[in-house]
1. Residue by residue through the stretch 256-263, which ³J(HN,Hα) values in whole Hz follow from phi under the Karplus form 6.51 cos²θ - 1.76 cosθ + 1.60 (θ = phi - 60°), with glycine and proline marked x?
2. Name the residues whose placed amide hydrogens come within less than 5 Å of the amide hydrogen of K287, ignoring near sequence neighbours (fewer than 5 apart) on the same chain.
3. Show me the ranking of peptides 21-31, 176-186, 108-118, 197-207 by mean Cβ neighbours inside 10 Å, starting with the highest.
4. Obtain the nm distance between the two label points defined at T93 and D119 by a simple spin-label model: each point lies 7 Å from its Cα along the Cα-to-C-beta direction.
5. Can you work out ³J(HN,Hα) from phi for every residue in the stretch 51-60, in order, using Karplus 6.51 cos²θ - 1.76 cosθ + 1.60 and θ = phi - 60°, giving whole Hz and x for Gly and Pro?
6. Would you kindly state how much longer the chain becomes between A176 and K138 on full extension, computed as 0.36 nm times their sequence separation minus their alpha carbon distance, in nm to one decimal?
7. Using the C-alpha atoms of the stretch 73-212, what convex hull volume per residue, in cubic angstrom, is computed?
8. So how do T272, T42 line up by other beta-carbon neighbours within 10 Å, fewest first?
Amino acid sequence: MRILCSLLCLLALAAPGLAEEAKLKALILDGQNNHGVWPKTTQMMKADLIATGLFTVDVATTEPKSTEGYAPEFKNYDVVISNYNGQAWPKGTQEAFVDYVKNGGGFVVVHAANNAFGDWPEYNRIIGLGGWGGRNEKSGPYVYFDKEEKLVRNTDAGGGGHHGAQHPFQIVVRDAEHPITKGMPKAWMHTQDELYDLLRGPGENMHILATAYADPGKGGSGRHEPMLMTIDYGDGRIFHTPMGHGDYSMECVGFITTLCRGAEWAATGKVTQPVPVDFPAPNEESKRSSK
């Protein structure tokens, strides 16, 4: 009986997650961002990833006005998450990052991280699409779904990156069989956020998992814009979400779920996390307070 009780106690202790040495190693990049809430959103993402029981999470933060000496050891991690939009990294760090992704590293792009490094060609290939940062027709096409639900690669001239007024909006899943989106409802409501539109870039080896309609009544493009994407770069896997403007945006259970499932997929190519019972409905938001 004593042995049985001991085994049950050990199982109970192991239940919340994997042993530390078996967990996926994640690194969040931050330190500069045109979104002043970045210190809080980094900690929110860190907490959400840890709460899955699958990840350990470190943070690599630049100086506020310099990236001199910034050299995260990308190769020590299974997945890197960018909450960064600021000055260029040192050349050696750029090269190490490209090598990391090309050789099988996982990368997750969150919101303003797709604004970064508009003049860095390899970064733009890695993220697929980006906004602002001097992007234009030379950066690649606009990519969206038209009124006939067809995928369009539009090479018209014009800048990259725009959004209307913040508001809650519905996400429409375009691939219900991908590991990241499998088990989610066909449509679900995201909480108040900036709905990025007119993103453009190389879009090579890119797969759009979900879109959102950028309502002209809210200042949007009138198109279904990519909201969840995957990109293959060399042997690396990238998960990209333009969502996540504010702490209130990251309280959305849909955002939390796609972030954590996207990070696991980028790291391993698989997703073991279930869709939570409090996941948003087609016309109903669901939030977890960060306070």
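Derivation of every value follows stated rules applied to the coordinates shown; laboratory data play no part. Predicted model only: the values in this text are computed from it and were never measured. Cβ: placed from backbone, ideal geometry, glycine included. Neighbour counts: every protein chain shown.
1. Ordered by residue, 3J(HN,Hα) equals 4, 5, 5, 4, 5, 5, x, 5 Hz.
2. V253
3. Details: 21-31: 18.7, 176-186: 16.9, 108-118: 25.5, 197-207: 20.9.
The peptides rank, most packed first, as 108-118, 197-207, 21-31, 176-186.
4. Those two pseudo-labels are separated by 1.8 nm.
5. So the J values, rounded to whole Hz, are 5, 5, x, 9, 10, 9, 9, 10, 10, 10.
6. Details: separation 38, 0.36 × 38 = 13.68 nm, distance 3.26 nm.
Contour length minus Cα-Cα distance gives 10.4 nm.
7. On the way: hull volume 18.1 nm³, N = 140.
Normalising the Cα hull of the stretch 73-212 by residue number yields 130 Å³.
8. On the way: T272 11, T42 22.
By the 10 Å Cβ count, ascending, the order reads T272, T42.
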